[in-house]
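Below is one structure, written out as structure tokens; the observations come after it.
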There are 2 protein chains.
Amino acid sequence: MDKKGILIVISGFSGVGKGTLVKELLTRYPDEYALSISATSRAPRENEEEGREYFFKSREEFLEMIDAGRLLEHAEYNGNFYGTPKDYVLSQMNEGKNVILEIEVQGGLQVRKQFPESMLLYIVPPDAKELLRRLVTRGTETLDVIKERMERSLQETDYICYYDRVLVNDDFETCLSELRRTILEEQSRIDGIHHYIEKIRTELRNLEF
Amino acid sequence: MDKKGILIVISGFSGVGKGTLVKELLTRYPDEYALSISATSRAPRENEEEGREYFFKSREEFLEMIDAGRLLEHAEYNGNFYGTPKDYVLSQMNEGKNVILEIEVQGGLQVRKQFPESMLLYIVPPDAKELLRRLVTRGTETLDVIKERMERSLQETDYICYYDRVLVNDDFETCLSELRRTILEEQSRIDGIHHYIEKIRTELRNLEF
């Protein structure tokens, strides 16, 4: 039995640095991880390539994918659909890659329902002041937007308890190695279970009474 | 914040010895654990006491409990309903007890849906021969019944992957301490998350811009 990859959902407060963590994980361990590519019904922007940033779909195609159960999760933002195509994720996992989905909590819980074996990780800041500092330092958002994001973070705290692991992103390198260690442990746990299941199935089928 | 108990589902192949493990856990650590008491629509047998073996309900009362969402899981066997009342489980957890549900895989998966924070443990034998040996040694079942159970064990292997932990019951004492250690670890994980959530909520609410 070849080693299959696992499905990892990474969520976290806006500004916590989860994007940087994911990017670094993919850069350092390109053989271990693959980033899930979303499908969207919005039009491609200049420089965006089919199958790189997104799989671009018409609105009808997207609705058909929902109906056919071909999405692990989906949502509508500003009149456009976004979602995670199951096929792409499964093919990457079959190639032995751990597939990372960087998505919102609502999407994460949808994935959990469709794919109970997925691991849900939530990245948090050491404290609220530090989260605010990071959002302000970025310098890309107005104060109103930052207030909105902090407000949403407060709402998101209702969902953290549904996640498997909570990782504190205080020191970046520490968090990155903890992230990788957590994933490796989960992979080894799942491998162990699958290995046992194969073994006991064979034994039960061949048992002589 | 007082320490709350967690919800633990224990399932496993017929004959694996999960009942003995649960009984021993409750006997040795009566302050830590409580066994969930099921509701049933079947008539009480002699010596059975309301609230000890079961909560006895009429068929209508049971159906009302289902409709009102007052059961964590339920199933029908031989024309009688059996299920896990939510109220009893929650009140025991609030008193700090870890509540154990010894139920079938189908029930376990129902609990997971309604209560994502529950921990699902599956107890397995070291191998199929040993499972057969235990069923035969018990001496309470005919060979036909034993064959049926082994057949069901094979079917159940489809569901093991949805469980959080798989524990091998080879040496009883080793398995018992691993069981307890696993529960303590999970409790400490959940405590840590709840503690963090309380802390960050307070901080986010009181943040000055």
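A few notes on this one:
- Close amide H contacts of B:LEU120 (hydrogens built in the peptide plane, cut-off under 5 Å, sequence separation of 5 or more or a different chain): B:VAL9, B:ASP164, B:ARG165.
- Overall, the stretch A:1-134 carries a charge dipole of about 440 debye about its Cα centre when +1 sits on the Cβ of Lys and Arg and -1 on the Cβ of Asp and Glu, all other atoms neutral.
- In nanometres and ascending order, the distances from the B:LYS129 label point to those of the other copies are 6.5 (point 7 Å from Cα along Cα→Cβ).
- Taking N as the residue count of chain B, its C-alpha radius of gyration divided by 2.2 N^0.38 Å amounts to 1.14.
- The DSSP beta bridges internal to the stretch B:1-126 are antiparallel in roughly 30% of cases.
- Within-10-Å neighbourhood charge of A:ARG165 [Cβ basis; K, R +1; D, E -1]: -3
- Each of A:VAL166, A:VAL89, B:VAL168 was scored by other Cβ atoms within 10 Å of its Cβ. Listed from fewest to most, they are B:VAL168, A:VAL166, A:VAL89.
- Shortest-first distances to equivalent copies, position A:PRO116, nm, label 7 Å out along Cβ: 1.5
- Close amide-amide hydrogen proximity is noted between A:LEU72 and A:THR84, A:LYS86, each under 5 Å apart and 5 or more residues distant or on a separate chain (H modeled in the peptide plane; Pro and chain starts excluded).
- Across chain A, C-alpha contacts under 8 Å between residues 6 or more apart give a mean separation that, scaled by the residue count, equals a relative contact order of 29 percent.
- Cβ neighbours within 10 Å from other chains - mean over A:149-162: 3
- Flagged links, alpha-carbon separation over 25 Å, of A:LYS4/A:LYS113; B:LYS97/B:LYS129; B:LYS3/B:LYS113; B:LYS18/B:LYS86: B:LYS97/B:LYS129
- Over the stretch B:70-142, Cα pairs under 8 Å with separation of 6+ residues give a relative contact order of 23 percent.
- Helical segments meeting 20 Å axial Cα length and Kyte-Doolittle -1.0 threshold in chain A (DSSP H): A:172-206
- Partner shielding of B:196-207 amounts to 6, given as the average count of beta-carbon atoms from other chains within 10 Å of each residue beta-carbon.
- Averaged over the residues of B:139-146, the number of partner chain Cβ atoms lying within 10 Å of the residue Cβ comes to 0.
- The simple spin-label model puts a point 7 Å past each Cα toward its Cβ; for A:GLU173 and B:LEU207 those points are separated by 2.8 nm.
- Projected-area mean, the stretch A:103-209, by convex hull of Cα positions, square nanometres: 9.2 nm²
- Using only side-chain charges placed at the Cβ, +1 for Lys and Arg and -1 for Asp and Glu, the dipole size of the protein assembly as shown relative to its Cα centre rounds to 260 debye.
- Ordering A:LEU101, B:HIS74, A:ILE200 by Cα displacement along the dipole of the protein assembly as shown toward the positive end leaves A:ILE200 in first place; charges were set at the Cβ atoms of Lys, Arg (+1) and Asp, Glu (-1).
- Highest to lowest packing among B:47-58, B:196-207, scored as the average C-beta count within 10 Å: B:196-207, B:47-58
- 7 Å along Cα→Cβ, label-point gaps from B:LEU26 to other copies, nm, shortest first: 5.1
Bear in mind these aren't lab numbers, they're just calculated from the coordinates by the rules spelled out. All values derive from a computational prediction rather than experimental measurement. FYI the Cβ positions are ideal-geometry reconstructions off the backbone, even for glycines, and counts take in every protein chain you see.
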